[in-house]
Amino acid sequence: MDRRNFIKATGLTLAAALMHDSLFSAPKDQRRQLINYPDKVSAIIDDQTVQLAGTGNEIWTYQDVLVSLENTGAGIAVTIQAPKVKLSSVTLQWKTPNKSSSLILNDHWERTYGDVSWQKPEDSQILPWYFLEFDGKSTNGFGVKTGAHSFCSWQIGGGALSLTLDTHSGGNGVQLTGRKLQAAEIVTLQGSSDESPFQTARKFIAVMCGKVRMPREPVYGINDWYFSYGNNSEKLILEHTAMMAPMADGLVNRPFSVIDAGWFQDSPALPNDCCWGDTMSRPNAKFGDMGSLAEKIRKGGMRPGLWTRPLCGSYKDSNSLMLPLIRGREENKPVLDPTIPENLERVENYFKLYNQWGYELIKFDFTSFDIFGRWGFEMLKNMSITAPKWNMHDSSITNAEIILNLYQTIRSAAGETYILGCNTFSHLAAGLFEINRIGDDTSGNEWKRTRDMGVNTLAFRGIHHGAFYAADPDCVGLTLKVPWDKNKQWMELVAQSGTPLFISAQPDATGGPQRKEIKECFKAASLNAPLGEPLDWMETAVPKRWKLNEKIENFNWD
């Protein structure tokens, strides 16, 4: 019986079918397993699907389209040339067992939406960036290195494992002309049976990103959003800071006070939209001098932070600077085209200005949605990042390259200021920003949303912490609308998990018991702690049993 038929008959795992040792001379604990070369390669060129012919294992061609695969020792690098066509994607495919009893752990393009868990694979399911497989004994990882120049996703089913490298530029195929696209580097990891899935997952996350950028000290503090929801002012910010700063008395690592949306000059077309501004460089009438406000926050005992939406266009701007209208991008929200140098310079100047004002943390938001007109869950539902048939100014670079250029511009302009990405593509933000929001919004209005978006996110995306960035599971919305007994547990979990803790504390909801708890949680969050481990994450999407600082803690989220 040959190898393929043996696998099919016995139902072995994907790892057993597809991986081999790459460095047999290395010590056993340092060996890396590489995925085999694919059995088939296809592409979508000029909106038509074509099959490429293999020349050996490493070269695949169709007319003048060439896909090169190279064993780098650490992974399989994929390089693409397509000089005369519009290239939408390249798909690599490996034959696999038709049926498997394994569980897989999925991920998302950007933030998660309360829908990540260990589950049975489904044929139609898109698995962005990477996935983990657990066969009941050991855990295996399949993914691509962070910073890829294409949007990479996996699918399992129909007797095959597929990896699609999406090379769209806007809603059309990229026009590479004469350049080579370093599309991605595939990496895999075969865990051992003496490791838990959590331990192997942590190892694999580190394999995917070799250039993590972390804050110098743990980040924690306050944010006004979940009790003000944009109805804020300089007065409110200073009152919030004054109320919360004493709860961090005696702590050397000082907390942040982050001013969320609502501080900037609004657009005449959207006067009541606190999350859309005509410019991100001038405050509105409720705020005074932003540099002076930063200094007042600092004197009040906290470190100043600021929210921004850098791709907002002004109603005064030329339409030639804006992205074309597509479904999801409304006419009265002009979005700066990030492929135009003038617009990147504007974004760059924003972050330099915030630095000059003295803000030590900048949270930037909405870039994924503003560019592509879809949230992450809509990208998966529609099986594409954005709507078809539209272009940005520069159609010679892929969407992934466009995002990376934007992120690198922000990183360079920010200098030593911490960057907190929100609504960012996780795999492209890794290694560039110190902090990244790993899930959709929690809530100051309903507990269920915090449970679904917060607890689920921390349980299944917390594994990114310390390997991709500091993983921010979002705020504790401490308000009168959310039961204190639930918020207290959520606060304790985040504070002891080693990840960033931010609290939005409504004054009327912050009495004696709350202040005492916040003080204890601020102290815990200010110190380095091991990453919290969800112990029942294989059984539930909202784990209740956690290992925190070597102690087992139980929570009641119902």
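A short reminder: the numbers here are calculations on the coordinates, not readings from a lab. No experiment lies behind these values; they were computed from the predicted model shown. All Cβ positions, glycine included, derive from the backbone under ideal geometry; neighbour counts span all protein chains shown.
Just a few scattered comments:
- Treating r as the C-beta distance of SER101 and ALA387 and R0 as 25 Å, the FRET efficiency rounds to 0.05.
- Global form of the chain, assessed from the alpha-carbon gyration tensor, a/c cut-off 1.5: oblate
- Shape call, the range 130-283: gyration tensor on alpha carbons, a/c limit 1.5: oblate
- The length gained by stretching the chain between LYS286 and GLN265 to full extension, at 0.36 nm per residue less their Cα-Cα distance, is 6.6 nm.
- Computed [θ] at 222 nm, deg cm²/dmol, the chain (DSSP H ≥ 4; -39,500 (n - 2.57); rounded to nearest 500): -7000 deg cm²/dmol
- The amide H of VAL476, built 1.01 Å from its N in the peptide plane, has PHE502, ILE503, SER504 as neighbours under 5 Å, considering only residues 5 or more places off or on other chains.
- Computed over the chain, relative contact order equals 15 percent, with contacts defined as Cα pairs under 8 Å that lie 6+ residues apart.
- Under 5 Å, built H, 5+ apart or other chain: amide partners of GLY373: none
- Order of ILE104, ILE385 - criterion: other Cβ atoms within 10 Å of each residue's Cβ, fewest first: ILE104, ILE385
- Within the range 221-236: backbone nitrogen closer than 13 Å to the ASP508 label point (7 Å, Cα to C-beta): 227-228
- Given charges at Cβ of Lys, Arg, Asp, Glu: the chain dipole, positive-most of PRO341, GLY178, TRP118: TRP118
- Computed label-point distance, nm, for sites LYS299 and THR61 using a 7 Å Cα→Cβ extension: 7.2 nm
- Restricting the trypsin sites (Lys or Arg not before Pro) of the range 251-345 to loop positions (DSSP other than H, G, I, E, B) with no more than 11 neighbouring Cβ atoms within 10 Å leaves LYS316, ARG327.
- With the charge dipole of the chain set up from +1 on Lys and Arg Cβ and -1 on Asp and Glu Cβ about the Cα centre, the Cα lying farthest toward the positive end among the listed residues GLN356, MET383, GLY454 is that of GLY454.
- Rg of the Cα atoms in the range 220-437, relative to 2.2 N^0.38 Å, amounts to 1.03.
- The range 68-89 and the range 388-413 have Cα centres separated by 19 Å.
- Label sites at LEU325 and THR49, each approximated as a point 7 angstrom past Cα along Cα to Cβ, lie 3.4 nm apart.
- Calculated from backbone phi, Karplus (6.51, -1.76, 1.60) coupling profile of the range 404-409 in Hz, x at Gly/Pro: 4, 4, 5, 4, 5, 5
- Sparse-neighbour loop sites [trypsin sites (Lys or Arg not before Pro); the range 99-176; at most 16 other C-beta within 10 Å; DSSP]: LYS99, LYS137
- Whole-Hz couplings from phi, Karplus 6.51/-1.76/1.60, listed for the range 545-558; x for Gly and Pro: 9, 10, 9, 10, 6, 6, 10, 8, 10, 10, 10, 10, 8, 6
- As a length-normalised measure over Cα pairs under 8 Å and 6 or more apart, the relative contact order of the range 3-208 settles at 23 percent.
- Only Cα pairs under 8 Å and 6+ residues apart enter the sum, and on that basis the relative contact order of the range 144-224 stands at 31 percent.
- Counting DSSP beta bridges with both ends in the chain, the antiparallel % (nearest 5): 75 percent
- Taking θ as phi - 60° and the Karplus parameters 6.51, -1.76 and 1.60, the scalar couplings of the range 382-390 work out to 8, 6, 7, 5, 8, 5, x, 6, 8 Hz in sequence order, x denoting glycine and proline.
- Between the exposed loop cleavage positions of the chain, defined as chymotrypsin sites (Phe, Trp or Tyr not before Pro) in a non-H, G, I, E, B DSSP state with at most 13 neighbouring beta-carbon atoms within 10 angstrom, the longest gap is 25-314.
- In the range 135-242, the GluC sites (Glu not before Pro) that fall in loop regions by DSSP, at most 14 other Cβ within 10 Å: GLU195
- Dipole moment magnitude, nearest 20 debye, the chain about Cα centre, only Lys, Arg, Asp, Glu C-beta charged: 620 debye
- Residues listed by number, the range 419-447, amide nitrogen under 19 Å from GLU217 label point at 7 Å toward C-beta: 419-420, 434-435
- Inter-probe distance in nm under a simple model that places probes 7 Å from Cα toward Cβ, at GLN119 and SER192: 3.3 nm
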